[in-house]
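See below for the structure under consideration.
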Amino acid sequence: MQTNELILADDICSYYKVDYSFISDLQRFGLIEIASVETATYVPESQLQKLEQLVRLHYDLDINLEGIDAIAHLLEKVTHLQDEIVALKNRLKLYEDF
């Protein structure tokens, strides 16, 4: 992964006004990925949208990490089910066209 695709964790903490321990805890729960390059810690750019969502859940809605973990799991499941519905609708449309 190139460093231009990584955002310094300290910059994220400053921007969102969160402690580094929160980002570390999210990584420990397996909710986001963290990359270490030399002595610095980075968050991949691809994880930024998910991180923003998790920050809002924790700080705006005051949801603890265990709750965030459960919500993230359910949101992932809903997304998977929505994708499956779209695929099934597409397959059904093939049969309806005949």
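Read-outs throughout are calculated quantities, based only on the coordinates presented, and are distinct from any laboratory measurement. Everything numeric in this text was worked out from a predicted model, so none of it was measured. Glycine also receives a Cβ, built like all others from the backbone with ideal geometry; neighbour counts cover every protein chain displayed.
Which residue, Leu65, Leu74, Leu57, tops the fluctuation ranking in a GNM of the chain built on C-alpha contacts under 10 Å?
Maximum among the listed residues: Leu74.
Using only DSSP helix segments of four residues or longer, with each worth -39500 (n - 2.57), what per-residue ellipticity at 222 nm results for the chain after dividing by its residue count and rounding to 500? The partial results should precede the final answer.
Working: 4 runs with 57 residues, N = 98.
Here the helix-only value at 222 nm equals -19000 deg cm²/dmol.
Kyte-Doolittle cut-off 0.0, length cut-off 24 Å along the helix's own axis using Cα: show which whole DSSP H helices in the chain pass.
Details: long enough: 65-96 (46 Å, 0.03).
The qualifying helices are 65-96.
How far apart, in nm, are two points set 7 Å out from the Cα along the Cα-to-Cβ line at Ser24 and at Glu76?
Here the answer is 2.3 nm between the modelled labels.
Compute the Rg to Rh ratio over the range 3-96 from the alpha carbon atoms, using the Kirkwood formula for Rh, and round to two decimal places.
Details: Rg = 17.0 Å, Rh = 15.0 Å.
Checking Rg against Rh, the ratio lands at 1.13.
Give the relative contact order (percent, whole number) for the range 3-96; include only Cα pairs under 8 Å separated by 6+ residues. The partial results should precede the final answer.
Working: 56 pairs, mean separation 22.0, N = 94.
So the answer I get is 23 percent.
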